[in-house]
Amino acid sequence: MGLFKNVANFVTGGAAEVQLELINPVLDNEYSMHVVIRVKPTGDTIHAKRLYLEVQVVEESSTKNVLFRQEHILSEDLQINQGDEKEWSFTVELPAEVPPTYLAKYFSVKWGIKASLDMPGVDPNSGWQPFVLNKEVGVSELM
Amino acid sequence: MGIFSKIKNYITGGAAEVAVVFENDLVRPEDKLRLFVTASAKDDCKIKKVYLHIKCEETYKKRETTTTTDSNGNTTTTSRDVTKYYSHFTKELVLAEDILLRKDSEEKWLAEFEIPVDALPSFKGKDCHMTWKVFAGLDMPGNDPDSGWVSFYVQKKVDYTVEQM
């Protein structure tokens, strides 16, 4: 791989393709979500410090507030050879007192999940994938 | 009670103390919200009506931009997030009409209200909220004695899909 390609990957995070598949993207009064992550180098063999998963729920109107956030490290010091693809299965466990998905007229509360490789420069990632948590808000969360 | 006290009550709404007592302040759609409005008279009260306002209100932030120009013609633009309110639902229930409540007496009225099937559930975030509340008042000459706004909670699971995100 040429120097310019390496610089481009450093800036864009394009050294690997990170795919995130949500097995059950609608959580209905449940707090476990199963995901599969697939990582494939776009060119040369890659070395990453870690593969990590971020889960968050964001309240958004003209302001954005992260109401809850989790990070999971799925693998550390990993190498994926050119042409190979690696796959990880993981179950995200959310606590019961997290807020549900909520769509009002002027604000929203949305959940998202993203898988990333910790590499020099911009981390290759799956982008934020939306999922839904449908549940009743607990009384203690309202007061 | 002297004339000054009557004038004060006329202005402040202090002729009676009004309160809201919930049987259950946590309801689901199609359930009935049941509460009592209580009034304790500090002076004779000639009441046209006893009313209860019910409201579902969304609180959110909106970015507002202001542009000012000084005497030298320099323009400055500033933005800030302002708290805004939007009413999704309002209703008035009249609980009683044409009542004379004597000084030092107490009265209570039952209010029942069915939460609409399509009601939005209560939500409490950081900047944004969905709040259900009631306000009881006595319609009298001058300022109405009232309970102020009192919150109750609507609990409901909404079934969203990923396509809506």
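Name the residues in segment B:45-98 that are polar (S, T, N, Q), within 14 Å of chain A (Cβ to nearest Cβ) and under 30 Å from B:Asn143 (Cα atoms), would you?
Those that are polar (S, T, N, Q), within 14 Å of chain A (Cβ to nearest Cβ) and under 30 Å from B:Asn143 (Cα atoms): B:Thr59, B:Thr83, B:Ser87.
Here is a list of conditions, (1) more than 9 Å from chain A (Cβ to nearest Cβ); (2) assigned to a loop (DSSP other than H, G, I, E, B), and B:Lys156 meets all of them except one; can you say which number that is?
Among (1) more than 9 Å from chain A (Cβ to nearest Cβ); (2) assigned to a loop (DSSP other than H, G, I, E, B), the lone unmet condition for B:Lys156 is (1).
For segment A:25-73, what are the residues that are open to solvent by 40 Å² or more (accessible area, probe 1.4 Å), in contact (Cβ under 8 Å) with a residue 60 or more places away in the chain, in a strand (DSSP E or B) and closer than 19 Å to A:Val109 by Cα?
Hits for segment A:25-73 are A:Val26, A:Asp28.
Take A:Glu136 and tell me if it is within 14 Å of chain B (Cβ to nearest Cβ), open to solvent by less than 50 Å² (accessible area, probe 1.4 Å), acidic (Asp, Glu) and over 18 Å from the mean Cα position of the chain (by Cα). If you could, list the steps in order and put the result at the bottom.
On the way: within 14 Å of chain B (Cβ to nearest Cβ): yes; open to solvent by less than 50 Å² (accessible area, probe 1.4 Å): no; acidic (Asp, Glu): yes; over 18 Å from the mean Cα position of the chain (by Cα): yes.
No; evaluated as a whole, the condition is false for this residue.
Looking only at segment B:116-153, which residues are of a type in the set (A, V, I, L, M), open to solvent by less than 20 Å² (accessible area, probe 1.4 Å) and within 14 Å of chain A (Cβ to nearest Cβ)?
Answer for segment B:116-153, where residues must be of a type in the set (A, V, I, L, M), open to solvent by less than 20 Å² (accessible area, probe 1.4 Å) and within 14 Å of chain A (Cβ to nearest Cβ): B:Ala119, B:Met130.
Could you run through segment A:76-107 and say how many residues are open to solvent by less than 10 Å² (accessible area, probe 1.4 Å), more than 8 Å from chain B (Cβ to nearest Cβ) and not hydrophobic (A, V, I, L, M, F, W, C)? Reasoning before the result, please.
Of the residues in segment A:76-107, the ones open to solvent by less than 10 Å² (accessible area, probe 1.4 Å) are A:80, A:92, A:98, A:100-102, A:107.
Still in the list and also more than 8 Å from chain B (Cβ to nearest Cβ): A:80, A:92, A:98.
Add one more test, that the residue is not hydrophobic (A, V, I, L, M, F, W, C), and what stays is none.
The qualifying residues number 0.
Please state which of the following conditions A:Lys110 fails to meet, knowing it meets all the rest: (1) open to solvent by 50 Å² or more (accessible area, probe 1.4 Å); (2) in contact (Cβ under 8 Å) with a residue 60 or more places away in the chain; (3) closer than 18 Å to A:Met33 by Cα.
With respect to (1) open to solvent by 50 Å² or more (accessible area, probe 1.4 Å); (2) in contact (Cβ under 8 Å) with a residue 60 or more places away in the chain; (3) closer than 18 Å to A:Met33 by Cα, A:Lys110 is out only on (2).
The values are calculated or read from the model by the stated rules, or taken from the named source; none is laboratory data. Computed from a predicted model, the values in this text were never measured in an experiment. Reconstructed Cβ throughout: ideal geometry from the backbone, glycine too, with neighbour counts over all protein chains shown. Keep in mind that these areas ignore ligands, DNA and RNA; they rest on the heavy atoms of the full protein, side chains included. Shrake-Rupley method; radii C 1.70, N 1.55, O 1.52, S 1.80 Å.
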